[in-house]
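S.K.: Here's a structure for you.
Derivation of every value follows stated rules applied to the coordinates shown; laboratory data play no part. If you're wondering where the values come from, they're calculated on a predicted model, not measured in any experiment. Neighbour counts are summed over all protein chains in view; Cβ atoms, including those assigned to glycine, are modelled from backbone coordinates with ideal geometry.
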Amino acid sequence: MILGITGSIATGKSLVSKFFVDLGAHLIDWDVLGHEVMQPKKEAWQGIVEYFGKDVLNEDSTINREVLGRLVFNKPDRLSRLNEIVHPEIMKVDQKLVNEIRGETPCALIVKEIALMSERGKRLLVDKAVVVCSSEENQIKRLAERGISEEDAKLRIRAQLPMTEKLKLADFVINNDGTKEETKKQVEIIYNQVHFSQRKNNCKSTVA
């Protein structure tokens, strides 16, 4: 089974992913894949430079993600175009990794951390979706720990799809407003449900 982990900024997606990995799941992190496909001279890199210009490049020709982020922030048309350039390339690497994992462990539980997951993306990429939610107060607090001001944090949060919309994708919901231990327990419950489902379907998973 493939679980997609999604949620708004600073809700705790990476923490939830880590807990799944600790239990034996295989992780595919779309943010990491995004960095990979945007390396100099790769197809996505070329598309970005052609559309946004060379001002998005650092001196070493790598893409300055902070500059790129400012160019698409609150600009739906530009963000849509960026996604059109990058997502197909990420999906190619994603499928390659899925095939490699399944080749080695056919019944592996795979978790994909995908910040921006649409209904169509869910159908194409995962079997079930886990939405990680948190209060805006805690999101702002976590973003402050990353050096982001309260004003900028609120802008970033409100520029994203509302949590009410993200929850419509959810097969499972994890509330990350409590302690790490409380969040871990929620992950374990989902993990055990998925593992039971695999065994019920006669899949001899190596995941304990």
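S.K.: Using Cα positions and a limit of under 28 Å, work out the lysines in reach of LYS184, with same-chain residues fewer than 8 apart set aside.
M.R.: Output for LYS184: LYS13, LYS18, LYS112, LYS122, LYS128, LYS141, LYS154, LYS166, LYS168, LYS200, LYS204.
S.K.: I've got another one for you. I'd like the per residue volume of the convex hull spanned by the Cα atoms of segment 121-208, given in cubic angstrom. Provide the component values of the computation, followed by the final result.
M.R.: Details: hull volume 11.4 nm³, N = 88.
Dividing the Cα hull volume of segment 121-208 by its residue count gives 130 Å³.
S.K.: Could you name the aspartates and glutamates whose alpha carbon sits less than 14 Å from that of LYS185, not counting residues in the same chain fewer than 8 places away?
M.R.: Within the straight-line limit of under 14 Å, LYS185 reaches these aspartates and glutamates: ASP22, ASP177.
S.K.: If the reach is capped at under 17 angstrom between alpha carbons, list the lysines near LYS54, excluding any in the same chain fewer than eight residues apart.
M.R.: Straight-distance partners of LYS54: LYS41, LYS42.
S.K.: Run through segment 92-159 and list the trypsin sites (Lys or Arg not before Pro) located in a DSSP loop whose Cβ has at most 12 other Cβ atoms within 10 Å.
M.R.: On the way: sites: LYS92, LYS96, ARG102, LYS112, ARG120, LYS122, ARG123, LYS128, LYS141, ARG142, ARG146, LYS154, ARG156, ARG158; in loops: ARG146.
Those satisfying the criteria are ARG146.
S.K.: So, in nm, how far is label THR164 from label GLU145 when the simple model puts each one 7 Å beyond its Cα toward the Cβ?
M.R.: Here the answer is 2.9 nm between the modelled labels.
S.K.: Let me ask you something else. So what's the convex hull volume per residue for the Cα atoms of segment 104-143, in Å³? Show your work: numbers first, answer last.
M.R.: Numbers: hull volume 4.4 nm³, N = 40.
Spread over its residues, the Cα hull of segment 104-143 gives 109 Å³ apiece.
S.K.: Two-decimal Rg/Rh of segment 56-184 from alpha-carbon positions, Kirkwood Rh? Please list the in-between numbers first.
M.R.: Values: Rg = 17.2 Å, Rh = 17.3 Å.
Rg/Rh: 0.99.
S.K.: Continuing with this model, one more query. Report the residue, chosen from GLU136, GLU113, GLU59, that carries the largest GNM mean-square fluctuation when the chain is represented by alpha-carbon nodes joined by springs under 10 Å.
M.R.: Fluctuation is largest for GLU59.
S.K.: Report the Cα centroid-to-centroid distance between segment 86-155 and segment 1-36 in angstrom, as an integer.
M.R.: Using only Cα atoms to place each centre, the spacing works out to 6 Å.
S.K.: Within the chain, which cysteines find no other Cys whose Cβ is under 4.7 angstrom from their own?
M.R.: Here CYS133 come out as lacking a disulfide-compatible partner, given the Cβ-Cβ threshold of under 4.7 Å.
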